[in-house]
Amino acid sequence: MTSTDSTPQYFDGPVWAAIISASAGCAAFGLLVDLAEASKSFSNALNFYNPTGDLSGKSTVAVVIWLFVWIVLHACWKHRDMKGSGKLTVIAVILILLALLAVFPPFFGLFAAG
């Protein structure tokens, strides 16, 4: 009788795909906030639903970007063990910090269209 190791192999690529895509979605939302603040025509283009104004477009586009990045990264990394997780952590933190800065009212107020 032979014994085989039946421990399943786990990959952390899909986990990192989710983390990086969430960070990218946050950064996209921040960028959309700044662009909508800087351009009245861009803000009007993001007005998908009048009662909420351009927030409806900002959130919808950010979610679409998040899903797109997640699908692409998951497909690329689903069978990978990410060795450079420190670099990925730095990328995720930078994207989240950029998103926080971008939605900070004194910052996006600098771009206010007159």
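The values are calculated or read from the model by the stated rules, or taken from the named source; none is laboratory data. Since this is a predicted model, take the numbers as computed values, not measurements. Cβ: placed from backbone, ideal geometry, glycine included. Neighbour counts: every protein chain shown.
Inside segment 36-59, can you point out the residues that are surrounded by 14 or more Cβ atoms within 10 Å (Cβ to Cβ), over 17 Å from Phe111 (Cα atoms) and hydroxyl-bearing (Ser, Thr, Tyr)?
Once the filter is applied, which keeps residues that are surrounded by 14 or more Cβ atoms within 10 Å (Cβ to Cβ), over 17 Å from Phe111 (Cα atoms) and hydroxyl-bearing (Ser, Thr, Tyr), segment 36-59 yields Ser56, Ser59.
Filter segment 1-18 down to residues that are closer than 15 Å to His79 by Cβ and part of a loop (DSSP other than H, G, I, E, B) and give me whichever is modelled with the highest pLDDT.
Taking segment 1-18 and keeping what is closer than 15 Å to His79 by Cβ, we get 8-17.
Now restrict to residues that are part of a loop (DSSP other than H, G, I, E, B): 8-12.
Details: Pro8: 60, Gln9: 79, Tyr10: 80, Phe11: 88, Asp12: 92.
Step by step, filter segment 1-18, then rank; the result is Asp12.
Being touching a residue at least 40 places away in the same chain (Cβ under 8 Å), more than 14 Å from Ile19 (Cα to Cα), of a type outside the set (Lys, Arg) and not in a helix (DSSP H, G or I), is that true of even one residue in segment 100-110?
Yes, there is a match, as at least one residue in segment 100-110 is touching a residue at least 40 places away in the same chain (Cβ under 8 Å), more than 14 Å from Ile19 (Cα to Cα), of a type outside the set (Lys, Arg) and not in a helix (DSSP H, G or I).
Can you tell me which condition Val33 does not meet? The list is (1) at pLDDT 95 or above; (2) farther than 18 Å from Ala112 by Cα; (3) part of a helix (DSSP H, G or I), and all the others hold.
All conditions are met except number (2).
What's the number of the only condition in (1) outside any helix (DSSP H, G or I); (2) within 12 Å of Ser21 (Cα to Cα) that Ala92 fails to meet?
(1)
Has segment 55-69 got any residue that is hydroxyl-bearing (Ser, Thr, Tyr), out of contact with any Lys or Arg (no Cβ under 8 Å at 6 or more places or on another chain) and more than 22 Å from Ala18 (Cα to Cα)?
Pass one, segment 55-69, residues hydroxyl-bearing (Ser, Thr, Tyr): 56, 59-60.
Cutting the leftovers down to out of contact with any Lys or Arg (no Cβ under 8 Å at 6 or more places or on another chain) gives us 56, 59-60.
Subsequent filtering for residues that are more than 22 Å from Ala18 (Cα to Cα) retains 56.
Looking for residues that are hydroxyl-bearing (Ser, Thr, Tyr), out of contact with any Lys or Arg (no Cβ under 8 Å at 6 or more places or on another chain) and more than 22 Å from Ala18 (Cα to Cα), one finds at least one in segment 55-69, hence yes.
If you check Lys87 against the conditions, is it out of contact with any Asp or Glu (no Cβ under 6 Å at 6 or more places or on another chain) and in a helix (DSSP H, G or I)?
Values: out of contact with any Asp or Glu (no Cβ under 6 Å at 6 or more places or on another chain): yes; in a helix (DSSP H, G or I): yes.
Yes: the conditions hold for Lys87.
So the check is Cβ under 8 Å with 6+ separation or different chains; which pairs have a first residue in segment 21-45 that's of a type in the set (Val, Ile, Thr) and a second one that's surrounded by 22 or more Cβ atoms within 10 Å (Cβ to Cβ)?
Val33/Lys58
Has segment 61-77 got at least one residue that is farther than 19 Å from Leu100 by Cα, part of a helix (DSSP H, G or I) and among the small types (Gly, Ala, Ser)?
yes
Restricting attention to segment 76-91, which residues are without any contact (Cβ under 8 Å) to a residue 24 or more places away in the chain, of a type outside the set (D, E, K, R) and exposed (fewer than 12 other Cβ atoms within 10 Å of the Cβ)? Step through it out loud before you land on a result.
Initially, segment 76-91 is screened for residues without any contact (Cβ under 8 Å) to a residue 24 or more places away in the chain, giving 83-84, 86-87, 89-90.
Subset that is of a type outside the set (D, E, K, R): 84, 86, 89-90.
The answer is Gly84, Gly86, Val90.
Pick from Ala75, Ala45, Ala24: which is under 11 Å from the mean Cα position of the chain (by Cα) and among the small types (Gly, Ala, Ser)?
Values: Ala75 fails: under 11 Å from the mean Cα position of the chain (by Cα); Ala45 fails: under 11 Å from the mean Cα position of the chain (by Cα).
That would be Ala24, the only listed residue that is under 11 Å from the mean Cα position of the chain (by Cα) and among the small types (Gly, Ala, Ser).
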